[in-house]
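Asks: Here you go, one structure.
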Amino acid sequence: MSHPSRRHFLAQAIAAASLPLSSAWAPRLFAAEGKPADPSAHAHDWDWLIGNWDVKHSRLKERLVGDTRWEEFRGKSALWSVLDGSGNLDDNWLDLPGGAYYGLTLRAFDPAAGSWAIWWLDGRNPTHIDPPVRGSFAGDVGTFVGRDTFKGRPIIMRFHWRDIHSARPWWEQDFSPDEGKTWEINWRNWFTRTQATPTPLPKRTDAPHDFDFLVGSWKVRHRRLRDDSPDASQWDEFDGTLVNWPVLGGHGNVGDNVMNLPGNPIRGIGLRAFDPATKQWQVWWLSKSHPAEIGSPIRGGFVDGVGTFIGEDTVDGRTIKTRAIWSHITARSARWEQASSADGVNWKTNWVSELARA
């Protein structure tokens, strides 16, 4: 819950890049007759995947080189529904031949496009979120496509979910290096449910403990400055909730936020990932009101029990700095506050959230 895009008076988050997709193989990416789709009609699209799963993987050893050798390995997955069903996330652990691998999927339904946007965060590269694939379901099959690069080579990625309402749903991944003329299927996996109610996957032994305090359910009292003018002094006060889960073996966490701003309730996802190389956290924000966009992150860490995270945003064509601070942390309470600055020296607080353990 800590990114400037959560404030309605700051500029909208940077849109995730995506080039046009060939209509010959792309899924439906626009709502019928140009009208926004009803998010509530898609709130249960992924209900069949909620819970914890054992996963059997089969993957080509080398991709896009004509390889025919397949390797098998196991994994685990846990999926939660967020944003009132307009989003979900699944946390993944894979026992790759080269060692344990962690990754996170974040999905959000985009009413304007009539499709789902799906992002992937690779636990080995926690400072970067991959470009999204987009698509939808038709019966028992889901198709999602997007552009990416593989070993420096531009490709189109495509995913098919199949038999989604069966006891063993599965998906396959294929790449096209030639604009959809040819495809290589290079990964398949099959899911076996272990429990219907999702629970976090086990933590890694080297997981940082900075955000351990935030895991769980919270009641939140918000105070937000009504506008961003220099002499603004009127505040809106409202309540909300936060539910937070550890992901990426404890090297990340995700919070589902409800903010009951009068007349304009806010729903959003705060995604955090720890970079062992810099010992810093990256913090992204995804808003239900702008579900096709993930904003650029703020970055920082904790010193003496206080977490400070700073990033940049643009307001009316001006670059400003945004700062978020976690403080007053106890077992049952915490404080979050956000401030903005034009020069990085003088800061004006514009949002304060007081958390109490639910």
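Asks: Among Asp163, Asp45, Asp256, which one moves the most in a GNM of the chain with springs linking Cα atoms closer than 10 Å?
Replies: Most flexible of the set in this elastic network: Asp163.
Asks: Too long at a 23 Å Cα-Cα cut-off: which of Lys279/Lys321; Lys56/Lys181; Lys151/Lys203; Lys61/Lys279; Lys56/Lys203; Lys76/Lys203?
Replies: Lys56/Lys181; Lys151/Lys203; Lys61/Lys279
Asks: For the pair Arg332 and Trp235, what calculated FRET efficiency results from E = 1/(1 + (r/R0)^6), where r is the Cβ-Cβ distance and R0 = 41 Å, to the nearest 0.05?
Replies: The pair Trp235/Arg332 has a calculated efficiency of 0.95.
Asks: So how strong a dipole does the chain carry about its Cα centre when Lys and Arg Cβ are +1 and Asp and Glu Cβ are -1, to the nearest 20 debye?
Replies: 420 debye
Asks: If eta is 1.567 mPa s and T is 4 °C, what Stokes-Einstein diffusion coefficient results for the chain, Kirkwood Rh from Cα pairs, in µm²/s?
Replies: For the chosen part, D equals 60 µm²/s.
Asks: Something else now. Share of the stretch 82-153's accessible area from carbon and sulfur, percent, 1.4 Å?
Replies: 51 percent
Asks: What do you get for GluC sites (Glu not before Pro) in the stretch 127-217 restricted to DSSP loop and a cutoff of at most 15 other Cβ within 10 Å of the site's Cβ?
Replies: Glu179
Asks: Still on this structure, I have one more. For the stretch 215-358, divide the Cα radius of gyration by the Kirkwood radius and give the resulting Rg/Rh value with two decimals.
Replies: Rounded to two decimals, Rg/Rh equals 0.94.
Asks: Only sites in a loop by DSSP and with at most 16 other Cβ atoms within 10 Å count here; which trypsin sites (Lys or Arg not before Pro) in the stretch 117-225 make the cut?
Replies: In loop regions of the stretch 117-225 (DSSP not H, G, I, E or B), the sparsely surrounded trypsin sites (Lys or Arg not before Pro) are Arg124, Lys151, Lys181, Lys203, Arg204.
Asks: Provide the per residue accessible area, probe 1.4 Å, for the stretch 47-119, rounded to a whole number of square angstrom.
Replies: That works out to 34 Å² per residue.
Asks: According to the Kirkwood expression over distinct Cα-Cα pairs, how big is the hydrodynamic radius of the stretch 221-306, in Å?
Replies: 14.9 Å
Asks: Let me ask something else. Are there any GluC sites (Glu not before Pro) in the stretch 40-125 that are in a DSSP loop and have at most 11 other Cβ atoms within 10 Å? List them by number.
Replies: Filter output for the stretch 40-125: Glu62.
The values are calculated or read from the model by the stated rules, or taken from the named source; none is laboratory data. Predicted model only: the values in this text are computed from it and were never measured. Positions of Cβ are backbone-derived with ideal geometry, glycine not excepted, and every protein chain shown enters the neighbour counts. Remember, those area values only see protein heavy atoms, side chains included, never the ligands or the DNA or RNA. Shrake-Rupley method; radii C 1.70, N 1.55, O 1.52, S 1.80 Å.
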